[in-house]
Amino acid sequence: MSNRFGVAFGAILALVLLALFSGSTFNLIFKILAVNKEGLDATALEAAFRKALDAIGPGYVYVLTTVGGLVSALVIAQLSVTKPGAAPGIGGFQPESTAGIWTTNSVVGIYLFVWIFTGVAALVVGVMLYPSASKTISDLGTTWLGLAVSAAYAYFGINPGDKPADQPKPAGATVPVDQQLQQMIDDKKITFDPGKLELQDQLLRKNTSGPQITEKLQKLVLELSKMSSPIRIRDLLLPSGDAVHVAGRAVNIAADVAAGLLPQVATDAKVKELGIEEVIFDASVVNEGDRNKWNYGAGVKHEYDATVLDDHKTNIHFAVAA
């Protein structure tokens with residue numbers, strides 16, 4: 001299944017659930033509003049509400065509350081992984097064309113607007129105006145309010161009780177490597193081959209299936225991005241073939257940074273410092289006479305044969321020790 005098909009299928013399913021949630025909620029709201037007649041005292045009005053909602057069975061309530069919870073959970077989950085101030089996306093999908101970006105933003109914007117509008121309507125009608133009309137709408141409104149606050153906290157990265165953001169960090173505190181990598185990605189200093197959306201999750205060790213890359217490889221990628229930016233990652237984990245890729249100890253990056261990056265990295269001192277085991281690149285691509293000029297194997301200078309070098313003209317292979 002292609003990534004685009006998966007994203008499209010997921011988006012359609014999410015919109016169907018949203019339509020079911022919103023339509024069911026407004027059906028009950030309209031029934032409540034239709035009973036609102038002047039001159040009825042509180043007892044008569046409550047009796048009229050019960051009569052109007054007699055046809056609403058437990059199955060209807062179950063579907064409404066279940067779907068409402070799923071829709072709200074989806075909103076919170078997506079906002080929690082969205083950078084504050086940035087437009088929420090659809091899963092990990094990153095459209096590259098203008099049309100794709102416009103379509104994605106439109107779908108997400110409509111989704112959030114309908115979710116907010118439906119929740120506010122349930123809150124106003126079921127909690128503020130007619131709290132005794134329908135327990136389902138009343139509960140839905142109060143639950144939505146709590147979830148909306150949670151969604152706002154998730155989007156802005158706020159945790160109740162957090163210290164002010166401008167407080168200095170304790171002496172010696174370090175930022176986790178995955179957070180540093182995320183910042184490099186946000187700053188476009190680390191990019192990925194188009195269509196390989198799984199690479200970002202692999203780099204941040206967020207992939208849920210298969211092995212994960214090692215922390216040592218994460219640190220190497222971070223250092224490479226500091227030496228020459230931007231770097232474009234082409235491969236990380238591979239299901240078969242090169243053992244170091246299968247084990248999560250290797251990365252291939254695009255060769256456009258070779259001339260500036262490799263002279264800094266491919267030295268005995270730097271290789272030892274960064275725990276590098278392999279460097280493979282055909283240096284003739286950047287007009288060097290020695291095709292193996294920067295290559296290492298098992299942590300020492302190494303010469304690879306023509307077959308291996310021919311496979312590394314467009315990418316630089318790095319592997320770290322186990």
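Observations
- Subset of the stretch 247-276 [of a type outside the set (A, V, I, L, M, F, W, C) and either over 20 Å from residue 308 (Cβ atoms) or open to solvent by 50 Å² or more (accessible area, probe 1.4 Å) (or both)]: 248, 256, 260, 263, 264, 267, 268, 270, 272, 273, 275
- Picking from residues in the stretch 277-310 that are among the polar types (S, T, N, Q) and out of contact with any His (no Cβ under 6 Å at 6 or more places or on another chain), the one that is most open to solvent (accessible area, probe 1.4 Å) is 287.
- Answer residue from the stretch 103-124, given it is open to solvent by 30 Å² or more (accessible area, probe 1.4 Å) and farther than 14 Å from residue 25 by Cβ and is nearest to the chain's Cα centre (by Cα) among those: 105
- Qualifying residues in the stretch 125-153 (those that are closer than 17 Å to residue 64 by Cβ, open to solvent by 40 Å² or more (accessible area, probe 1.4 Å) and over 33 Å from the mean Cα position of the chain (by Cα)) - the one modelled with the lowest pLDDT: 135
- Just one of the numbered conditions (1) under 21 Å from residue 194 (Cα atoms); (2) open to solvent by 70 Å² or more (accessible area, probe 1.4 Å) is not true of residue 322: (1).
- The residues in the stretch 276-322 that are of a type in the set (Ser, Thr, Tyr) and assigned to a loop (DSSP other than H, G, I, E, B) can be counted, and the count is 2.
- Tally of residues being more than 11 Å from the chain's Cα centre (by Cα) and in a loop (DSSP other than H, G, I, E, B) across the stretch 191-206: 5
- Just one of the listed residues (224, 220) is in a helix (DSSP H, G or I) and out of contact with any helix residue (DSSP H, G or I) (no Cβ under 6 Å at 6 or more places or on another chain), and it is 224.
- Given (1) surrounded by 18 or more Cβ atoms within 10 Å (Cβ to Cβ); (2) without any contact (Cβ under 8 Å) to a residue 24 or more places away in the chain, index of the condition residue 183 fails: (1)
- Subset tally (residues that are crowded, with 18+ Cβ neighbours inside 10 Å and under 13 Å from residue 190 (Cα atoms)) for the stretch 203-233: 10
- Residues (among the hydroxyl-bearing types (Ser, Thr, Tyr) and free of Cβ contacts under 8 Å to residues at least 12 places away in the same chain) located in the stretch 135-155: 153
- Some residue of the stretch 78-100 being in a helix (DSSP H, G or I), at pLDDT 75 or above and not charged (D, E, K, R): no
- Scan the stretch 194-229 for residues that are in contact with a strand residue (DSSP E or B) (Cβ under 7 Å, 6 or more places away or on another chain) and either at pLDDT below 90 or within 14 Å of residue 317 (Cβ to Cβ) (or both) and the total you get is 4.
The values are calculated or read from the model by the stated rules, or taken from the named source; none is laboratory data. Please read these numbers as outputs of a predicted model, since none were measured by experiment. Neighbour counts are summed over all protein chains in view; Cβ atoms, including those assigned to glycine, are modelled from backbone coordinates with ideal geometry. All accessible areas refer to the heavy atoms of the entire protein, side chains included, with ligands and DNA or RNA removed. Shrake-Rupley method; radii C 1.70, N 1.55, O 1.52, S 1.80 Å.
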